[in-house]
1. Can you give me the three principal axis dimensions of the protein assembly as shown from its C-alpha atoms, in Å, biggest first?
2. Rounded to two decimals, what is Rg over Rh for segment B:224-279 when you use alpha-carbon atoms and the Kirkwood radius?
3. Just the Cα atoms of chain C, one point each, no solvent: what log10 I(q)/I(0) does Debye give at q = 0.16 Å⁻¹?
4. How many angstrom separate the Cα center of segment C:161-237 from the Cα center of segment C:77-129?
5. Roughly how many nanometres apart are two label points built 7 Å out from the Cα toward the Cβ at A:Lys218 and A:Leu79?
6. Round to the nearest 10 and give me the degree value, 0 to 90, for the angle of helix A:173-185's Cα axis relative to the longest principal axis of chain A.
7. What list do you get for C:Leu137, C:Leu182, C:Leu71, A:Leu51 if you sort them by fewest beta carbons within 10 Å?
8. What are the trypsin sites (Lys or Arg not before Pro) within segment B:121-207 that DSSP puts in a loop, where the Cβ has at most 13 other Cβ atoms within 10 Å?
Amino acid sequence: MSAAPEINGRMESEASASDTKAMPKVQIHGLNFFYGTNQVLRSVTMDVPALKVTALIGPSGCGKTTLLRCMNRMHDLYLGNRYEGSIVVQPDGTDILDASVDPIQVRMRFGMVFQKPNPFPKSIYENVAYGLRLQGMSRRKELDERVEKALREAALWEEVKSRLHQMAHNLSGGQQQRLCIARAIATDPDVVLFDEPTSALDPIATSKIEELIVELKKRVTVMIVTHNLQQAGRISDMTAFMYLGELIEFGDTNRMFTNPAKPQTEDYISGRFG
Amino acid sequence: MRPDLFHALQAKRASRRRSIDQWFRRLGLFLTLTTLGILGILLLNLAMNGLARVDWNFLSSFPSRRAGEAGVLSAWVGTLLLMMVTAGAAIPFGLAAGIYLEEYAPKNRWTDFVEINISNLAGVPSILYGLMALGLFVYQFRFGQSVLAGGLALACLVLPIVIVATREALRTIPSSIREAAFALGATRWQAVWHHLLPYSTGGIATGVILAMSRAIGESAPLITIGALTFIAFLPPAPWVDHAPFVSFDWLFSPFTALPIQMFNWVSRPGEEFQANAAAAGLILMVITLSMNAAAILLRRRAQRNITW
Amino acid sequence: MVWVLRAGGWASVLVTFGIVITLVKESWPFFQAVPFDRLFTDKMWTPLFSEPQYGIGALLAGTLVTTGVALLVAIPLGTILAIYLSEFAEPQFRDWVKPMLELLSAVPTVVYGYFALLTLTPLLQKIYPDLPQFSMLSAGIIMGIMIVPYVTSLGEDAMRSVPMLLREGAYALGDGKLGVALRVVFPGAFSGLAAAYVLAISRAVGETMIVAIAAGLQPRMTVNPLESAATVTAFIVQVSLGDLPHGSIGYQSIFAAGAVLFLMTLGFNLAGHALRRRFHRAT
């Protein structure tokens with residue numbers, strides 16, 4: 001059996017046996033996705049476990065970002081996209097792909113952090129407060145508390161507490177991304193979706209954010225798309241390997257990286273293609 | 001987090017956001033169509049009041065104190081002659097300036113200044129061009145209150161339009177084309193003449209048409225230099241029936257123009273003069289709208305024909 | 001061949017030169033003869049009378065009020081249209097609506113003047129019978145309509161340059177289209193929009209025919225749009241319509257008015273240019 005690449009120390013892990021018995025947070029079943037006539041996702045089925053980090057890996061164009069953006073119906077913003085199949089959120093049991101479901105509501109339950117930091121042209125405080133205001137919070141004291149809580153959870157509070165009302169774009173790239181994380185988690189979403197959150201950042205900023213994510217999973221379910229296999233190995237509990245729109249393999253990260261079941265998975269992980 | 005309550009409250013918010021979006025979409029569509037509709041109302045209004053007046057007599061008669069006998073002959077001839085001067089001055093200078101600034105001039109403080117200058121000129125009120133023409137062309141250069149002075153005033157007015165259109169048209173050509181020409185040993189001028197100008201003709205022509213359309217509709221500068229509103233004669237013709245067969249006397253002749261004539265009639269009380277004004281306005285609208293429409297179609301076709 | 005082109009390059013500079021020099025040269029005698037403070041302390045603008053008054057405020061009031069009315073029409077309407085076209089409308093719809101809106105600003109201004117005087121004013125008089133034949137309200141409204149395409153076109157360009165990534169951040173938090181447009185796109189496009197507004201102001205201040213035809217030619221110191229008044233530009237037209245011997249007081253006064261007008265619009269144009277530069281740098 002070929003050797004899997006050296007994994008730089010898992011940050012935290014839990015026994016996988018008990019996980020499979022817990023209720024999954026999101027159940028994706030038979031998901032097909034079309035950009036116009038182009039089919040990008042083929043019959044993806046997987047159960048995303050609650051309060052764990054699930055990584056989506058695969059070569060460029062495999063559909064991992066497309067899959068992530070199905071979760072909060074981001075594709076609805078552009079013409080010509082079509083979903084088939086179901087994505088059921090537990091414990092509600094609602095299929096969020098159903099036409100009767102309001103994407104705005106879905107997006108209030110799922111947070112998203114993007115590949116490039118995208119803070120609003122507003123102050124640091126107002127960035128984090130944006131989602132809270134959308135959900136009706138308006139009392140100053142309440143907002144102050146929630147903003148501070150979110151910034152602490154994003155490991156940014158100490159660095160910005162004295163300049164909350166300065167413009168967000170004055171922060172460094174890494175700080176901006178942590179601000180975007182704070183913004184996403186301020187509203188207590190059930191699930192946070194990370195789309196290659198550290199690909200534009202330096203290693204120090206990257207490791208800060210990885211630490212953050214591992215802390216975060218105690219409270220929220222995390223799905224993260226990443227190009228960086230070592231990162232997936234470092235922080236995720238479950239990994240999904242995708243290729244050309246199909247889910248090739250899905251399982252416990254440790255096992256997948258040391259003993260992948262499918263040959264394609266093994267080829268990708270050992271770097272034979274990518 | 002209690003899922004049920006969370007959902008109910010947020011569900012209401014979400015649906016309110018959706019209905020606000022729908023409402024704004026309807027408002028936006030309504031306002032867009034209404035604003036565009038104003039154009040139609042304008043045309044309809046002019047047609048209702050003036051169409052009846054537009055006939056061969058109207059087009060071939062001079063203005064008259066009797067509204068029923070008045071016509072736009074001197075006006076449209078004047079406009080035509082003016083446009084000859086305007087085009088003759090604005091197009092060469094505008095093209096030259098556009099080519100020079102886009103292809104030749106180094107990027108320094110001076111060219112920066114020139115750009116700010118052009119952008120400012122585009123925003124200078126048209127009447128100031130008339131004042132300049134009055135002081136400079138009419139008196140200083142002693143052209144008098146003539147077609148030449150008027151045509152040059154309008155040429156200065158539309159010069160920025162031609163320059164900007166030329167520059168934008170040249171800008172859309174990717175630099176790889178220029179590099180290909182240079183690599184074959186062409187001089188800069190050869191590259192411009194053989195490649196860049198032919199490829200950008202569509203964009204330049206669009207700009208020229210828009211510039212001329214603007215010039216035809218302008219009246220303030222012409223009033224300022226003293227275009228007379230009651231001209232019952234035509235400027236001398238540009239041709240004569242003896243050598244050298246071409247005459248330039250018309251350049252120094254007093255004149256009137258379509259928009260001036262319309263202005264004159266609008267200022268007179270009485271329905272009949274107002275009908276004349278509407279008729280003149282209708283002719284003006286037809287000319288300027290069709291020129292603009294032609295420019296738009298030309299721009300569309302130019303964009304489609306050459307894909308880089 | 002290059003020298004020919006270079007000559008063309010100088011053409012635009014020469015034109016500016018020509019305008020500035022002419023304005024300065026021909027208005028200089030006026031400003032020399034008239035004590036500067038009288039421009040502000042005199043109550044009326046009657047430089048051609050035997051007992052002349054030089055209160056330019058009367059003309060400025062006319063310009064201010066007509067511009068104000070025009071902006072009250074153009075800025076809200078233009079901005080809503082810009083938001084609608086940029087954030088809500090389908091691309092194909094936008095593609096043919098934009099050029100058609102620009103047609104609105106290509107209508108000869110005499111035609112707009114005609115419309116204001118002979119169609120809009122009677123209409124307004126049905127609602128408010130005391131409205132005089134010439135009024136700043138009527139002229140201002142039509143001017144506003146003429147200016148809408150400036151606001152919409154530049155504003156929509158500015159908004160569309162805001163990157164989609166910024167919008168997605170807001171959508172991902174559960175905001176709706178209008179919310180994203182007002183809370184994220186609008187602030188993000190702000191200097192571009194400001195440039196559009198400033199250029200619209202400049203256009204309104206410099207407009208001549210609409211106000212000359214529909215707002216009246218009598219300078220009047222008033223801020224009531226329901227009255228008639230002359231603007232700086234209308235004054236120049238009115239004097240030009242009469243006899244204008246070179247060097248006469250009438251001749252000099254229109255250049256003086258022109259100089260004031262030039263300074264005003266220069267200020268707005270430079271501000272608009274700077275804002276547009278700042279916007280392009282930011283995006």
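Quick note: the coordinates plus some simple rules give every number you see, no bench work behind them. None of these values were measured; they are calculated from a predicted model. Heads up, the Cβs are rebuilt from the backbone with ideal geometry, glycines too, and the neighbour counts pull from every protein chain shown.
1. Principal-axis extents of the Cα atoms in the protein assembly as shown, largest first: 105, 71, 54 Å.
2. That ratio is 1.16, to two decimals.
3. Reported log10 I(q)/I(0), two decimals: -1.22.
4. So the separation of the two Cα centres works out to 13 Å.
5. My value for the distance between the label points is 4.9 nm.
6. Value to nearest ten degrees: 90.
7. C:Leu182, A:Leu51, C:Leu71, C:Leu137
8. Of the trypsin sites (Lys or Arg not before Pro), the ones in loops of segment B:121-207 whose Cβ has at most 13 other Cβ atoms within 10 Å are B:Arg142.
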